[in-house]
Amino acid sequence: MSSDPVIVEVVRAGFVESVHRARVVVVGPDATVQYEAGAVGRRMYPRSANKPMQVVGMLGLGLDVTGDLLALSGASHAGEAIHVDGVRRMLEAAGLDESALQNTPDMPMDAAAAAAWAAAGHGPSSLTQNCSGKHAAMLTTAVRAGLDIATYRDPQHPVQVACREAIGELSGEVPQDVAVDGCGAPLWSLTLAGMARAFGRLAAAADGPAKAVADAYRAHPEMVSGTRHRERELHAAIPGLVCKGGAEACQGIGLPDGTGIAIKIADGGARAIPAIAAAVLQRLGHEHPTLTEHRRMPVLGHGDRVGEIRLAELPLCVRASQRAHG
């Protein structure tokens, strides 16, 4: 990853304290790589950025949730009350309860939600772990399709096969390198370009499961991340946008014209993502106060702004061959 360019710098009192290397790719509506920085053809794990594609696969197999619960099915949620209640509603409709969840127990990601959960006497739970919506959706899919629920995390289980096939269809690649994600569900690798292509196709979908997922993300972004999350702000800023982040600092963004954007921070530092995402969207002609804010996120000292996380440069190169994918 040392070949990836330095794109973001962290500045404190005018002193560059840290830098982040990253790779970035923009794929056009015609499935060609238009701009790239770094090794965008190298395989990587999208982590939770795979979730909207996984939900497309589940819908094809029988998942029958809609609206806010469909958005929650592809969420990395903050563990707020709306998320916990949503997971419970989804499980109850499938005739299940939280004991069926097999995702790794954890506290809510949102600090206020975690404090409230702890104050109520609770500890780490599968219910409040950020992937519980996805796991509830996998269980619901298995129930609706008449499949075994005890083995729903097995890579060969029909639910996981459907997820893998949807990822492959949307990315135009063969998902490889099966692994176990942090929540316990299967995970597959893509190239960064494949991930961008999947988000472009998802955002531009005119019908079917892909459109249903994209519409749910747009209508209920607070369910996909949280009420205080930067992804929710990005959804609100750009009409028609669909975005989803993943662990180890991945970000996929789709625009309604079919343009796809994917970002991977080499050292896994997610704090570098907002500046890059905002800069790429501005490069593509989008303007909004949220993008201006995200380009220069604050660095704090004793609660005061003493610096910023900012773009060092955005060395997006036009790919001469404009190679088609998928």
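Here is a yes/no grid of residues against (1) open to solvent by 30 Å² or more (accessible area, probe 1.4 Å); (2) over 25 Å from the mean Cα position of the chain (by Cα):
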{"residue": "ASP106", "(1), (2)": "yes, no"}
{"residue": "ASP110", "(1), (2)": "no, no"}
{"residue": "HIS122", "(1), (2)": "yes, yes"}
{"residue": "SER125", "(1), (2)": "no, no"}
{"residue": "ALA137", "(1), (2)": "no, no"}
{"residue": "ALA142", "(1), (2)": "no, no"}
{"residue": "LEU147", "(1), (2)": "yes, yes"}
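Do we have any residue at all in region 84-96 that's surrounded by 18 or more Cβ atoms within 10 Å (Cβ to Cβ), modelled with pLDDT of 95 or more and over 22 Å from GLY57 (Cα atoms)?
Scanning region 84-96 turns up at least one residue that is surrounded by 18 or more Cβ atoms within 10 Å (Cβ to Cβ), modelled with pLDDT of 95 or more and over 22 Å from GLY57 (Cα atoms).
For residues that are in contact with a Cys (Cβ under 9 Å, 6 or more places away or on another chain) and open to solvent by less than 10 Å² (accessible area, probe 1.4 Å), scanning just region 58-82, find the one that is farthest from ALA166 (Cα to Cα).
Top of the filtered list is HIS77.
Would you say ALA210 is in contact with a strand residue (DSSP E or B) (Cβ under 7 Å, 6 or more places away or on another chain), outside any strand (DSSP E or B), at pLDDT 95 or above and open to solvent by less than 20 Å² (accessible area, probe 1.4 Å)? Break it down into steps so the answer makes sense when it comes.
Working: in contact with a strand residue (DSSP E or B) (Cβ under 7 Å, 6 or more places away or on another chain): no; outside any strand (DSSP E or B): yes; at pLDDT 95 or above: yes; open to solvent by less than 20 Å² (accessible area, probe 1.4 Å): yes.
So ALA210 does not fit the description; no.
Which residue pairs have Cβ atoms closer than 7 Å, lie 6 or more positions apart in sequence or on different chains, and pair a first residue in region 104-119 that is free of Cβ contacts under 8 Å to residues at least 60 places away in the same chain with a second residue that is aromatic (Phe, Trp, Tyr) and open to solvent by less than 50 Å² (accessible area, probe 1.4 Å)?
Filtered contacts from region 104-119: MET107/TRP117; PRO108/TRP117.
Mind checking which pairs have a first residue in region 149-176 that is at positive phi and a second that is part of a helix (DSSP H, G or I) and open to solvent by less than 30 Å² (accessible area, probe 1.4 Å), Cβ under 7 Å, 6 or more apart or different chains?
GLY172/GLY194; GLY172/ARG197
Mind checking whether some residue in region 36-56 is touching a His at 6+ places or on another chain (Cβ under 8 Å), surrounded by fewer than 23 Cβ atoms within 10 Å (Cβ to Cβ) and not hydrophobic (A, V, I, L, M, F, W, C)? Outline the logic, then answer.
Within region 36-56, the subset touching a His at 6+ places or on another chain (Cβ under 8 Å) is none.
There is no residue in region 36-56 that is touching a His at 6+ places or on another chain (Cβ under 8 Å), surrounded by fewer than 23 Cβ atoms within 10 Å (Cβ to Cβ) and not hydrophobic (A, V, I, L, M, F, W, C).
Within the bounds of region 219-239, is there any residue that is of a type in the set (Lys, Arg), at negative phi and open to solvent by less than 10 Å² (accessible area, probe 1.4 Å)? Steps first, answer last, please.
Step one: filter region 219-239 for residues of a type in the set (Lys, Arg), giving 228, 230, 232.
Filter once more, so that each one left must be at negative phi: 228, 230, 232.
Of the ones still in play, those that are also open to solvent by less than 10 Å² (accessible area, probe 1.4 Å) are none.
For region 219-239, residues of a type in the set (Lys, Arg), at negative phi and open to solvent by less than 10 Å² (accessible area, probe 1.4 Å): absent.
The values are calculated or read from the model by the stated rules, or taken from the named source; none is laboratory data. For clarity, every value in this text was computed on a predicted model and none was experimentally measured. Cβ coordinates were reconstructed from backbone atoms using ideal geometry, including for glycine residues, and neighbour counts include every protein chain displayed. Heads up: the accessible areas ignore ligands, DNA and RNA and are worked out on the full protein's heavy atoms, side chains in. Shrake-Rupley method; radii C 1.70, N 1.55, O 1.52, S 1.80 Å.
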